[in-house]
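Participant: Just passing along the structure, written as structure tokens.
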Amino acid sequence: MKKMILATVGGAVLGLVATTQIAGPVLAQETQSNTSVYEQLDLFGDIFERIRSNYVEEVDDRELIEAAINGMLTSLDPHSSYLSPEAAQRMRVSTSGEFGGLGIEVTQEEGWVKVVSPMDGTPAEAAGIQAGDFITAVDGESVLGLTLDEAVSLMRGPVGAEIIVTVVREGEVEPFDVSIIRDTIKLTAVRSRTEGDAVVMRITTFNEQTFPNLRDGMREEIETAGGFENIDGIVLDLRNNPGGLLSQAVYVADAFLDAGEIVSTRGRELADGDRFNATPGDIAEGKPIVVLINGGSASASEIVAGALQDHRRAIVVGTNSFGKGSVQTVVPLSQDGAMRLTTARYYTPSGRSIQALGISPDIIVEQPSPREDDGEETEERTQRSEAGLRGSLENDSLTEDEIRQIEEDRARAEAAAALREDDYQLAYAIDILKGLNALGPLAGTE
């Protein structure tokens, strides 16, 4: 208590000295600053009136004001923006798990619309839109110079209607058009399945349904497998997951952690910071976890991957994530509008910010491009073995049950090899789990 009082008193004395010496210049600067602000506001009013009275076409006052507000917000960073009443309603619907559109998460880079990721099972994914694509025009109208919300509004429209987007893609010499049919996007936040002896949890977004979907999907897969003793581990597939609600990212990470920090946020002021900690309970019961990420994994996905990586709870596999390390707060405004404002950066448990850097995988695994069919038939080589030799001896040391077990193991290995043709990164993750499980729970302990 004495230290606190002394510090306060000392500060007061120093403040008096400083005020005596620089009060005049400070007051002058404040007056000059206020005058400058008022002059700028007068300038804004003057421009506003001139547009209303002299622009070649009649303009809508409300649209002008909203455009000015949005311009002020978008000048701060790519994620701050003004939400009209319609856009605010759409955002509320999307976080609840259902919305209308193409099914792509986008950001803005150097004036162009950049695809963060297409969402699973949506028209955009079916049309072949990829993470990293640039959309330069919609139905022939250039998006250059438009705000992100304005560009997105061009892509909205009646369900069932066709839209033509012009795409620039790395590796392609010329821009090309893609036809997409608008649809109602119903997000299944988590899709669960079993591949071999691994439970795969594909998390597509972080909305209000994510954690309940994860919990229920895990329970069903484990029951089907006959218990945790019959699986090698869990694959959390966060590839092309653009993020979503911070709270859901915390719930998902907490599901696999017993204690410790999950994520912290730090704003401009110290009091604006927050910290989220794990609670006891691991729904995977200590089974190994592999997290899959790529360049389309952003925001909430990176929070989960970073937390599990820092706590050594999971091995992160894939390619570097998107690198969105900021938190946006949605502030309701009058007339049912809202403001999305970047208010903090978030940090992983080790204290690292991933802003513009992303999460680096523990093991980098690129996803090979699909091989094009050249139309020529390829002759499969027949694998030679001892069993194929004429007159080879039979193995009489194995029982029928042992032979059956070997055949089942071989079938699983062949299924894993076939999976590599469809999804190399996922197959790699499953192989890691199989290897970890083969070591046993006491591996590496004394």
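Participant: Any residue in the range 119-134 that is under 26 Å from SER80 (Cβ atoms) and more than 20 Å from the chain's Cα centre (by Cα)?
Facilitator: Scanning the range 119-134, I find no residue that is under 26 Å from SER80 (Cβ atoms) and more than 20 Å from the chain's Cα centre (by Cα), so the answer is no.
Participant: Please work out which residue is modelled with the highest pLDDT, limiting yourself to the range 87-102 and to residues that are touching a Ser or Thr at 6+ places or on another chain (Cβ under 9 Å) and not hydroxyl-bearing (Ser, Thr, Tyr).
Facilitator: Here the residue is LEU102.
Participant: Restricting the range 223-240 to residues that are buried (at least 21 other Cβ atoms within 10 Å of the Cβ), modelled with pLDDT of 95 or more and of a type outside the set (D, E, K, R), which is farthest from ASP197 (Cα to Cα)?
Facilitator: Step by step, filter the range 223-240, then rank; the result is LEU238.
Participant: Is there a residue being open to solvent by 40 Å² or more (accessible area, probe 1.4 Å), within 14 Å of PRO242 (Cβ to Cβ) and either of a type in the set (Phe, Trp, Tyr) or at pLDDT 90 or above (or both) anywhere in the range 103-112?
Facilitator: Taking every residue of the range 103-112 in turn, none turns out to be open to solvent by 40 Å² or more (accessible area, probe 1.4 Å), within 14 Å of PRO242 (Cβ to Cβ) and either of a type in the set (Phe, Trp, Tyr) or at pLDDT 90 or above (or both).
Participant: I'm checking my understanding of the structure. Among residues of the range 318-347 that are of a type in the set (Lys, Arg) and open to solvent by 50 Å² or more (accessible area, probe 1.4 Å), which one is farthest from ALA259 (Cα to Cα)? Lay out the reasoning, then the answer.
Facilitator: Here is the first cut: in the range 318-347, the residues of a type in the set (Lys, Arg) are 324, 340, 345.
Keeping just the survivors that are open to solvent by 50 Å² or more (accessible area, probe 1.4 Å) gives 340, 345.
Numbers: ARG340: 32, ARG345: 22 Å.
Only one residue tops the list, namely ARG340.
Participant: Still on this structure, I have one more. Can you confirm whether the range 323-331 contains a residue that is without any contact (Cβ under 8 Å) to a residue 12 or more places away in the chain and in contact with a strand residue (DSSP E or B) (Cβ under 6 Å, 6 or more places away or on another chain)?
Facilitator: Yes: one or more hits.
Participant: Can I ask one more? Across the range 153-164, what is the total count of residues that are outside any strand (DSSP E or B) and either farther than 27 Å from LEU73 by Cβ or open to solvent by 30 Å² or more (accessible area, probe 1.4 Å) (or both)? Quick ask: steps written out before the conclusion?
Facilitator: So the first thing to find is which residues in the range 153-164 are outside any strand (DSSP E or B), and the list is 153-161.
Now drop any that are not either farther than 27 Å from LEU73 by Cβ or open to solvent by 30 Å² or more (accessible area, probe 1.4 Å) (or both), which leaves 153-154, 156-161.
Count: 8.
Participant: Given the condition under 16 Å from the mean Cα position of the chain (by Cα) and open to solvent by 30 Å² or more (accessible area, probe 1.4 Å), answer yes or no: does some residue in the range 255-263 qualify?
Facilitator: Within the range 255-263, none of the residues are under 16 Å from the mean Cα position of the chain (by Cα) and open to solvent by 30 Å² or more (accessible area, probe 1.4 Å).
Participant: Just name the residue that is most open to solvent (accessible area, probe 1.4 Å) out of those in the range 113-152 that are β-branched (Val, Ile, Thr) and within 12 Å of VAL178 (Cα to Cα). Steps first, answer last, please.
Facilitator: Of the range 113-152, the ones β-branched (Val, Ile, Thr) are 113, 115-116, 122, 129, 135-136, 138, 143, 147, 152.
Still in the list and also within 12 Å of VAL178 (Cα to Cα): 129, 135-136, 138.
On the way: ILE129: 9, ILE135: 3, THR136: 26, VAL138: 5 Å².
So the residue we want is THR136.
Participant: I need a count of the residues in the range 54-91 that are of a type in the set (S, T, N, Q), more than 22 Å from TRP112 (Cβ to Cβ) and surrounded by 12 or more Cβ atoms within 10 Å (Cβ to Cβ). Steps first, answer last, please.
Facilitator: Within the range 54-91, the subset of a type in the set (S, T, N, Q) is 54, 70, 74-75, 80-81, 84, 89.
Then drop every residue that is not more than 22 Å from TRP112 (Cβ to Cβ), which leaves 54, 84, 89.
Those still in the list that are surrounded by 12 or more Cβ atoms within 10 Å (Cβ to Cβ) too: 84, 89.
Residues flagged as of a type in the set (S, T, N, Q), more than 22 Å from TRP112 (Cβ to Cβ) and surrounded by 12 or more Cβ atoms within 10 Å (Cβ to Cβ) within the range 54-91 amount to 2.
Participant: Report, by residue number, each residue of the range 165-184 that is exposed (fewer than 15 other Cβ atoms within 10 Å of the Cβ) and hydrophobic (A, V, I, L, M, F, W, C).
Facilitator: Applying the first criterion (exposed (fewer than 15 other Cβ atoms within 10 Å of the Cβ)) to the range 165-184 yields 170-177, 179, 181, 184.
Those that are exposed (fewer than 15 other Cβ atoms within 10 Å of the Cβ) and hydrophobic (A, V, I, L, M, F, W, C): VAL173, PHE176, ILE181.
Participant: Kindly list, by first and then second residue, each pair from a residue in the range 407-422 that is modelled with pLDDT of 70 or more to a residue that is in a helix (DSSP H, G or I), limited to pairs with Cβ atoms under 6 Å and residues at least 6 apart or on different chains.
Facilitator: LEU419/ALA427; ARG420/ALA427
Participant: Continuing with the same structure: Tell me which residues, restricted to the range 185-201, are open to solvent by 60 Å² or more (accessible area, probe 1.4 Å), touching a residue at least 40 places away in the same chain (Cβ under 8 Å) and not in a loop (DSSP other than H, G, I, E, B).
Facilitator: LYS186, ARG191
Participant: Is at least one residue of the range 89-104 acidic (Asp, Glu) and part of a helix (DSSP H, G or I)?
Facilitator: Residues of the range 89-104 that are acidic (Asp, Glu), as a first pass: 98.
Narrowing the set further to residues that are part of a helix (DSSP H, G or I) leaves none.
Among the residues of the range 89-104, not one is acidic (Asp, Glu) and part of a helix (DSSP H, G or I), which makes the answer no.
Participant: State yes or no: is GLU379 surrounded by 10 or more Cβ atoms within 10 Å (Cβ to Cβ), at pLDDT below 75 and not aliphatic (A, V, I, L, M)? Give the steps one after another, and end with the answer.
Facilitator: Values: surrounded by 10 or more Cβ atoms within 10 Å (Cβ to Cβ): no; at pLDDT below 75: yes; not aliphatic (A, V, I, L, M): yes.
No, not satisfied.
Participant: Of all residues in the range 274-317, which are part of a strand (DSSP E or B) and open to solvent by 10 Å² or more (accessible area, probe 1.4 Å)? Before the answer, list the steps.
Facilitator: Start the filter on the range 274-317 by keeping residues that are part of a strand (DSSP E or B), which leaves 274-277, 289-293, 315-317.
Hits for the range 274-317 are ASP274, ARG275, PHE276, ASN277, ILE315.
The values are calculated or read from the model by the stated rules, or taken from the named source; none is laboratory data. Given the structure is predicted, the values throughout are model-derived calculations rather than measurements. Neighbour counts are summed over all protein chains in view; Cβ atoms, including those assigned to glycine, are modelled from backbone coordinates with ideal geometry. Side chains are part of the model used for accessible areas, which takes the heavy atoms of the whole protein and leaves out ligands, DNA and RNA. Shrake-Rupley method; radii C 1.70, N 1.55, O 1.52, S 1.80 Å.
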